[in-house]
Structure formats: structure tokens, C-alpha cells
Number of protein chains: 2
Amino acid sequence: MRISELSRRSGVPVATIKYYLREGVLSPGELSSRTQASYDESHLKRLALVRALVDSAGLSIARTKEVLAAIDRPQPLLDLLASVTGADEDGDVERPRARAVADAAGWGDVETCGGPMGRLEESLVALESAGFDVSEEQLLALAELMDGVAEREVAGIPADDAAAAAEYVLVGTALVAPVLLALREVGHVHHSVRRFVAPR
Amino acid sequence: MRISELSRRSGVPVATIKYYLREGVLSPGELSSRTQASYDESHLKRLALVRALVDSAGLSIARTKEVLAAIDRPQPLLDLLASVTGADEDGDVERPRARAVADAAGWGDVETCGGPMGRLEESLVALESAGFDVSEEQLLALAELMDGVAEREVAGIPADDAAAAAEYVLVGTALVAPVLLALREVGHVHHSVRRFVAPR
């Protein structure tokens, strides 16, 4: 199909498609003449994925490009996970708050996982510096609940097909996060109503 | 203290403090001369909160201003929650995916809560349009875990002091979200190692 039809079927403006082509998050169509390229169903599918990552998950174009490159490059699943999460970065940096939570939560095996542990440390430091007090007990309870979330998500990774696994992990990590935060907010309203409006 | 000392003690550059003053997220100091203002501990505390909301929680300056205004304005807690979450918006719009999850999760009382339900619907639509399949069973399990998170968080709201409650809800909602997502990612690594590297 031509770019105009790709635009019509995907709902993405032609100018935006051209931008994605320039940025390399969408692969070029096959040249059907000197000035015209032809696109197929794979472009339509990839375009939907790009929109989801950029619009819904809020990824930058650069990060989207990395994610798509990781999907397209066959590699062992743990290497993939490491590159997605940045688990292979800065394993030696001390992260006392994150370490304390990880130990208490039974995540003793994640000592070298720099990316997520770094983000955990940063987010805990931010809480502290905002003067927002979360008790150790509360933090551990939240960690156990998020452990349950992670366990369920990892159980859903298709183990027999590396490409499918890659897509599942990358897209899932990015796109399920807003679902989880929205579920939490609906839960906030529900429990606030129960606690403050209609206490039993 | 003068702006230079406020900058030194907070670690925030003078130019950034001036920007916050212009944007109204930091209240003006008391004029000690025609060209000089004096700041106190309350400015230091507020500055830490602004940094946390902007840098860690990733809020825009406009949203930060709204959040701070809500903290500063005494109001009943549920009104506050509604304005924070946008629960009072668009209650009549149909949101079939969000509705199905909310009913299954036992959140029957959140029918008019537009903001969170709208975000839930949007995030579910985004999953769908990216072709990412989450089973009903999986979604319900995630909803139950996030319900547990929300319940614990709401239980921590100080009920006797409206101003403290406001700050807790607003700052907590924004600043705990990155902690939850980081906990989930550490959990991903832990469970991936268990499943794919050292299966029992």
C-alpha cells in the first residue's frame, strides 16, 4: 500500500509516519518507483506498536528505537531483560535503601541489577527528600504486592519463542505500567469512599 | 535567609528558584529592602517538595502548581481526592473495559470516578491496539494486587488533619508511583532469574 493508505488505515498522519521513517522507528517501504514506496501489513503492525509506546507508555523516540531494536535482535532472554531494564549497569554502586528493601523482600539474587535497583534507590531518596515518610513495614508490604505483580507478569512470558518473549517483555513492561497505576488510582477512590464516606 | 543561602541549603540553583517564583510554585519571600527578599524554613521545605514533584515524579510545572494549590487550600478529603484524581470529570462516558475490570475487582462504588476510570480505559485500549494480549484472569489478578496497594496507602492517610491528609495523598500518589514501578522491575529480574536461570 502507499503511504496515504498506511496513514488512513493506521490513523497516523502522513507527516508523522514520515517522521517515524526519518527517526528509524519504522523501516522504509519497498521502493516501487523512484519517488514512491510501498508498505505492507508489517508496517501497519509496527506503526501500532510505535504509537502505543510513544503515546500510551510515554517513551521518547530514542527509547522507542532502542526497544524496537531489542525486539528485532535475537538474543537470550536474560540478556534482553538486562538491556531492557538496564540491569547490567553500575552493579557496584551502593544503594543502601534499595538493598534493604530487596533483602527484606527476598530478592537476594538481584545484587548486580543496576537499572531497577538504581531506580528504586532514586525513588526512595526522592521520597525522603520530600519529607514523605513511608514506614519500613509499609514499604515491605508494597514490595510484596509488587513482587506478586512481577511474578504473574514473568509467568506470562512465552518461553519457547525468543522473539515473542522479547516483544512481550518490552511492550509489557512499558504498556502495563500505566494500567497498574490506573488500577491503583481506582483502588484509591474505592478505599477512600469506604474509609471516609461509608465506613462499616 | 537570602536567595543565595536558600540556593546553597537546598542545592537548587538561584536561576531555578527565580523560575519557581515566577511560575508561582514557590511563594515570594518577605521584602527586606526594595531589591532584596528574605526566605525562611518554609521556603526550604516547599522547595524540596517542588523538586521531588518535578524531578522524581515527573510532574509538569503546571500540574505541580495545581497539586500545591490543592495542598494549601483546606477542603474535605473526598473533594480533594476527586480534584487530585480527576474523579469528578466525565462520569457519564462509557468505559466498558474499565467497567468490566472494576466490577470484577469489587470496585462497584467507583462508577462516577471519571479520572482514574478514564485512565484505566485508555491504558487498556492502548494494550489492545498494540496487539498485547492480557487475559481477563491476569488482569483481575493484577487488579487485586493493586487493590492491596491502594488499600494500604489509603489506610496510611492521616484522618484527623485535613492539611496533612492533602499533602499525604497528593505527594504520595505522585512520589510512590515510581517506587512501585521500580519494585516491580526488581521483581521482574528476580522472577526471571528464578524462571529462566535457576529453575527449581
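The values are calculated or read from the model by the stated rules, or taken from the named source; none is laboratory data. Worth saying up front: this structure is predicted, and the values here are computed from it rather than measured. Backbone-built Cβ (ideal geometry, glycine too); neighbour counts: all protein chains shown. Surface areas here come from the heavy atoms of the whole protein model, side chains and all, with no ligands, DNA or RNA. Shrake-Rupley method; radii C 1.70, N 1.55, O 1.52, S 1.80 Å.
Annotations
- Residue match in segment B:95-102 (condition: more than 10 Å from chain A (Cβ to nearest Cβ), modelled with pLDDT under 85, farther than 16 Å from A:H188 by Cα and outside any helix (DSSP H, G or I)): yes
- Candidates are the residues of segment B:103-139 that are open to solvent by 80 Å² or more (accessible area, probe 1.4 Å) and modelled with pLDDT of 75 or more; the one that is nearest to the chain's Cα centre (by Cα) is B:R119.
- Among residues of segment B:120-136 that are within 7 Å of chain A (Cβ to nearest Cβ), those with a Cβ under 7 angstrom from a residue that is open to solvent by 70 Å² or more (accessible area, probe 1.4 Å), sequence gap 6+ or separate chain, pair up as B:L124/B:R97; B:G131/A:K45.
- Among (1) at pLDDT 85 or above; (2) within 7 Å of chain B (Cβ to nearest Cβ); (3) surrounded by fewer than 16 Cβ atoms within 10 Å (Cβ to Cβ) - the single one A:E151 does not satisfy: (3)
- Hits in segment A:41-73 (condition: of a type in the set (S, T, N, Q) and open to solvent by 30 Å² or more (accessible area, probe 1.4 Å)): A:S42, A:S56, A:S60
- Output for segment A:23-66, where each listed residue is among the hydrophobic types (A, V, I, L, M, F, W, C), at pLDDT below 85 and in contact with a Pro (Cβ under 9 Å, 6 or more places away or on another chain): A:A57
- Unique match (being crowded, with 16+ Cβ neighbours inside 10 Å and under 10 Å from B:R184 (Cβ atoms)) among A:A166, A:A177: A:A177
- Selection status of A:D88, more than 27 Å from B:A174 (Cβ to Cβ), at pLDDT below 80 and outside any helix (DSSP H, G or I): yes
- Being within 7 Å of another protein chain (Cβ to nearest Cβ), within 25 Å of B:M117 (Cβ to Cβ) and modelled with pLDDT under 80 is a property that does not hold for A:V186.
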